[in-house]
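Peer 1: I am attaching a structure below and will ask some questions about it afterwards.
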Amino acid sequence: MLRLEHLARPGLAPVSLKLPTGACGVVMGPSGAGKTLLARAIVDLDPNSGEVFWKERSRAAMPACQWRRLIGYAPAQSGWWADVVGDHFLKPVAADTLRAVNLPPDAPTWPVARLSNGEKQRLALLRALAAGPEMLILDEPTAALDDETKERVEALLQRRLEDGLTLLLITHDKAQARRLGRHFWRIDSGHLTEGGP
Amino acid sequence: MNGGYIALSYADVAAAALFLFVAGLLTVLLRLGLATTIALHAARMVAQLLAIGFVLKFIFSASSGWITLAAGAVMAAFAAREIVRRQERPLAGLWRYGLGPAAMLAAGALALVFALTLLLRAEPWHAPRYALPLFGMLLGNSMTGVTLGLNAFTGAIVRERDAIEARLLLGMSRFRALRPFAARALKTGMTPILNAMAASGVISLPGMMTGQILAGVPPVEAVKYQLLIMFLIAGVVALGVIAAVYASLWRLTDERHRLRPDRLQAF
């Protein structure tokens, strides 16, 4: 279970929530409400206060690198440091993994500079999944995708959920929230409340 | 130093300015509007070099360790000011003034004392005619290296934030996440001295070696001096840039392996 206790930072009122292991939680709310701040605070990318537990292990008790290997996060805007896609993956990406999100098997040889937003988004998702986290936070994972590709990505996420991955999904898409989510929160001006999509 | 040295008169020096004078006349004739600039810069160079000639004459004849130290301190202060002024994205607070200059000075001073006491062994070891030119060359080069290296590194922190955080999010430590960016900054800072090493002897004769050869020193002796200087300079530049970049890395991240661009000065 992911447990937040009074997690706070500027722009985010103290937030407490519980998300059971293997479940998909959804956070919705208007732009600028603090969804991204919440995600960054959970993975400890910005200075914050409060406590976070994963399976009753305290975040404060382990190095931040170890914490981020347990809980991954794919931001809405992905970052790329090398020229070629494949150099961002520790292991070669399997062709069927690529096919699962509608990408051809030669995608790892593509130059990053030529990627479309939708391609970046899917590759960043695969990169985060390939790191093998126990839980993953996704910020608008299908915002730049057409309907068919979106369905494929959702199907992939569904399979990973069945395999035991825990998801925290940030989305504007109510239909998607209903399709994937089991637990729902709304965030407004940095305040989190429990509530359906 | 044997008898090969040819003393120059002030008239010789003035005659050497003939070509620049002709170029200045040409710019007037062609209405390029550069004559005043050329004249001002030439006059400034004359004033600066004459002044430093007399200052060095005084320091050499005084031959006091304290006066040499004071002269070194003034040189270091000017170099430090350049580093501070030329940072495009400086660290916030006093770090801006401390970090770059400290990196430059620590490496430079260490190499200077090492070379003077163990290699040149002048009498006394801090004799100004060896200490000050050597210090000047070390400072000038490490100043350039540290400035370039810091600008490359802090620029990357600002521009490549998403990429760096993507690496942190995969569970890399702050040192591993920033390693490619530190490597690039080190390379940028060392480019001038690497170029100088590659070009020396083939494309250009280094200024100091040229000076020694003109002063009558046998070429192979001049080469030995030049090699000694180049090794010292390259080492000092590399150490200064590594120190400056890693100190910035340490300051611009924290113990929870977060990137902290908020510790750069706000625009």
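The values are calculated or read from the model by the stated rules, or taken from the named source; none is laboratory data. Nothing here was measured: the structure is a model prediction, and the numbers come from that model. Because the Cβ atoms are built from the backbone with ideal geometry, glycine has one as well, and the counts that use them run over all protein chains shown. For the accessible areas, the whole protein counts, side chains as well, though only heavy atoms, and no ligand, DNA or RNA atoms are used. Shrake-Rupley method; radii C 1.70, N 1.55, O 1.52, S 1.80 Å.
So that you can scan it fast, the table gives a plain yes or no per residue for (1) part of a helix (DSSP H, G or I); (2) surrounded by fewer than 11 Cβ atoms within 10 Å (Cβ to Cβ):
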position	(1), (2)
B:8	no, yes
B:19	yes, yes
B:22	yes, yes
B:26	yes, no
B:59	yes, no
B:75	yes, no
B:97	yes, no
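Peer 1: Please enumerate the residues belonging to the range B:170-193 that are open to solvent by 80 Å² or more (accessible area, probe 1.4 Å) and over 30 Å from residue A:128 (Cα atoms).
Peer 2: Within the range B:170-193, just B:187 meets the criteria.
Peer 1: Kindly indicate whether any position in the range B:133-156 is within 14 Å of chain A (Cβ to nearest Cβ) and touching a helix residue (DSSP H, G or I) at 6+ places or on another chain (Cβ under 8 Å).
Peer 2: yes
Peer 1: Given the conditions (1) in contact with a Ser or Thr (Cβ under 6 Å, 6 or more places away or on another chain); (2) within 29 Å of residue B:190 (Cβ to Cβ), which single one is not true for residue B:128?
Peer 2: (2)
Peer 1: Have a look at B:103, B:111, B:127 and point out the one that is among the hydrophobic types (A, V, I, L, M, F, W, C) and either closer than 30 Å to residue A:46 by Cβ or without any contact (Cβ under 8 Å) to a residue 24 or more places away in the chain (or both).
Peer 2: B:103
Peer 1: Criterion first (in the same structural domain as residue B:146 (by TED's automatic domain parsing), at pLDDT 95 or above and open to solvent by less than 50 Å² (accessible area, probe 1.4 Å)) does residue B:211 satisfy it?
Peer 2: Considered against the rule, which asks whether it is in the same structural domain as residue B:146 (by TED's automatic domain parsing), at pLDDT 95 or above and open to solvent by less than 50 Å² (accessible area, probe 1.4 Å), residue B:211 comes out as no.
Peer 1: Let me ask another. Give the residue that is surrounded by the most Cβ atoms within 10 Å (Cβ to Cβ), with candidates limited to residues of the range A:92-147 that are away from every other protein chain (no Cβ under 14 Å), of a type in the set (D, E, K, R) and without any contact (Cβ under 8 Å) to a residue 60 or more places away in the chain.
Peer 2: A:122
Peer 1: Here is a follow-up. When you go through A:67, A:80 one by one, which is the residue that is surrounded by 19 or more Cβ atoms within 10 Å (Cβ to Cβ), assigned to a loop (DSSP other than H, G, I, E, B) and within 14 Å of chain B (Cβ to nearest Cβ)?
Peer 2: A:80
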